[in-house]
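Peer 1: Take this structure first; my questions come after.
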Amino acid sequence: MSEPLPAPGPHGWPRRAVRLARQCLRLMSGFLRFLSEVLRAVWGRIRRPVIILGVAVLAYGGAMAAMAYVGATSRPVGPVETTMRLLPSWSGESVLSIPPLGTLTLDTHDSPIQLEVTVDRINQESAAEIVRDPRVLETLEEQIVTDIREGVQATAVKSFVVGTLGATLTTLIVVRRRRATLVAGGVAAVAIAAVFGVAAQTLNPRAIAEPKYSGLLTGAPSLIGNAQDLAENFGAYSQELVRLVTNVTKLYDVTSNLPSYEPSDDVIRLLHVSDLHLGEHAWDVISSVTRQYSVDLIVDSGDITDHGSEAENYFLQRIPSLKVPYVWVRGNHDSMATEQAMRQLPNVVVLDGTVRTVKGIRFLGAGDPRFTPDRSNRDVKRETEAVAAQAIAIARVAEKADPPVDIIVYHSSDGASFLDGKASLILTGDGHKRYTAVLPKGSRLMQQGTTGGAGLRALEKDEPAPIELSVLYINRKTLELEAWDDIALGGLGLTSARIDRHLVEPTEEPMTPSPIPTPTGPLPDTPLPTPTITRTPTPTPEPTSPSPGAPTTPGEGSPAPEGTPESAETVGPGQPGALPAPVGR
């Protein structure tokens, strides 16, 4: 049997550990020296190309920034005042932007540069002359073609100059070497000239026959006429340019003189919409106006759905894509399920009887006390009392608010007299007709029309309801309204457009709204969170054949007696009994 190894001395194992650690450190140090030498050798080989690439990227960024922010030119095209600019783009194209209607894109060339033309305004005198004397169109063709050619050439020259200077100055500021700066400026000039040259050589005038639309223009291809007709009559290309400009002029309604008002940077742009009623086309209009007007927030005064069913909540999914706060109150066609779905959306602010601050504006509002999508069974008197009671409750909250409320949002204008004096601005809807007035105590009531064109119910009338929305300009410091643009677009099947600008007039005469009776009985101090009157359509049960000799009575398989309302009714506390059925909204 072998004898056991002797135990190490008291200092044996620590010494071995120290020696092992030293060996590991020497190996690691050697590896790091080797890696450093490899990186130094690699850097020596790629140093010059990397520096050149970095300077090139720097010069490119400076050139593009200068072209985007300084290279724009203001040019007239017939009766239209435009802004032209050239920007980098992966695919060569020309984009015509017509606020607030949308954009029209043409694949005009094969070069990494994009021509952007924005319609700023209509020259009222030139446009009015066209309307008065159609013979002006005979010379307008040559003028428009010349204006476009000169405008693009002037924009290209300016972009070339500012792009070259932008690349040179950016390189000089960062690199601070004269030779590198001169090289960067020279390369930038050659590159910009090459890009513009390729664009000129690959110009495709036939692109006007294949336009792409976005925004509201997706429903208005008649702006430039039928594409097939243009392709078949290509010889009349310049005439189609005239047609394009004159039709844009019509869309802007040249007979309307917009008062002079230039919104400053110290202005909050608020877009007021209402009564969308599941009008899917409304989202394109709202999105286009939000983008073209640089809207800061949107206020929706209710009736975003038609029957308030959970299936209709799909319609709300476009709201987050607007990317601005969306302030909303429940209308009489919106259910609590609608409100719950709205609360789940990230940019939605639901007004529910408490003061909410959005973009520096203090809002107060509450949902409509009615849920009445069934328009066949209404009690106008009882509903009006409920609307008035809710308005009084909102007014009581506003009286206690400190600091005071800036804007009150409520679906129905019937309660405006109770809200007068509680905020400088009262935004409502419900009536499907635009209306504004200064009330006796100083508040301005702004009732919006139907931004959804009344939804599918627009088909019930011979003339569809217009799509209406307004852009309000609110002073950021005083939070007072300075001006507003009323936008009206033709309803289903129409392509008309009108923009009316209004300035706040300090001498405007106040108007008294139609009086409504003050509700009787106790009134709540705070707005009610849920509807107190609910009427929803219910299917009529199919009659069954009674057995011979069996009595036929209502509720036992027979049809309801004539005059019995076909609706489910729920009335709030203190409002018992069945209601008559006048027809209303």
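Peer 1: Being at pLDDT 85 or above, in a helix (DSSP H, G or I) and within 17 Å of Gly62 (Cα to Cα) is true for just one of Leu165, Leu172. Which residue is that?
Peer 2: Of the residues listed, the single one that is at pLDDT 85 or above, in a helix (DSSP H, G or I) and within 17 Å of Gly62 (Cα to Cα) is Leu165.
Peer 1: Another question, if that's okay. Of Ile392, Ile408, which residue is assigned to a strand (DSSP E or B) and either modelled with pLDDT of 90 or more or of a type in the set (S, T, N, Q) (or both)?
Peer 2: From the options Ile392, Ile408, the qualifying one is Ile408.
Peer 1: What is the one condition in (1) closer than 18 Å to Gln317 by Cα; (2) modelled with pLDDT under 90; (3) surrounded by 24 or more Cβ atoms within 10 Å (Cβ to Cβ) that His281 does not satisfy?
Peer 2: Failed condition: (3).
Peer 1: Out of all the residues in the range 76-94, which are modelled with pLDDT under 85 and within 29 Å of Asp486 (Cβ to Cβ)?
Peer 2: Pro76, Val77, Gly78, Pro79, Val80, Glu81, listed by residue number.
Peer 1: Take the range 335-369 and flag every residue that is open to solvent by less than 10 Å² (accessible area, probe 1.4 Å) and among the charged types (D, E, K, R).
Peer 2: Correct list: Asp368 only.
Peer 1: Looking at the range 298-345 only, could you name the residues that are closer than 22 Å to Leu445 by Cα and of a type in the set (A, V, I, L, M)?
Peer 2: Ile298, Val299, Ile304, Val327, Val329
Peer 1: Which of the residues belonging to the range 299-334 are surrounded by fewer than 17 Cβ atoms within 10 Å (Cβ to Cβ), within 20 Å of the chain's Cα centre (by Cα) and of a type in the set (S, T, N, Q)?
Peer 2: Gln317, Ser321
Peer 1: Then there is this: Hey, could you check the range 3-24 for residues that are modelled with pLDDT under 75 and of a type in the set (Gly, Ala, Ser) and say which is most open to solvent (accessible area, probe 1.4 Å)?
Peer 2: Of everything passing the filter in the range 3-24, Ala7 is most open to solvent (accessible area, probe 1.4 Å).
Peer 1: Can you name the residue in the range 111-148 that is modelled with pLDDT of 85 or more and surrounded by fewer than 19 Cβ atoms within 10 Å (Cβ to Cβ) and is also nearest to Gly71 (Cα to Cα) among such residues?
Peer 2: That would be Thr118.
Peer 1: Next question. Out of everything in the range 77-100 that is closer than 10 Å to Asp120 by Cα and surrounded by fewer than 18 Cβ atoms within 10 Å (Cβ to Cβ), what residue ends up being nearest to the chain's Cα centre (by Cα)?
Peer 2: Here the residue is Thr83.
Peer 1: What pairs come out if I take residues in the range 456-479 that are modelled with pLDDT of 90 or more and pair them with residues that are outside any strand (DSSP E or B) whose C-beta lies under 6 Å away, six or more apart or interchain?
Peer 2: Sorted first by the residue in the range 456-479, then by its partner, the pairs are Glu468/Arg434; Glu468/Gly449; Leu469/Thr451; Val471/Tyr293; Tyr473/Pro263; Arg476/Asp266; Leu479/Asp406.
The values are calculated or read from the model by the stated rules, or taken from the named source; none is laboratory data. Computed from a prediction, not measured in an experiment: that's the story for all the values here. Glycine gets a Cβ as well: all are built from the backbone with ideal geometry, and neighbour counts include every protein chain shown. Ligands, DNA and RNA are stripped out before the accessible areas are found, and what is left, the full protein with its side chains, is counted by its heavy atoms. Shrake-Rupley method; radii C 1.70, N 1.55, O 1.52, S 1.80 Å.
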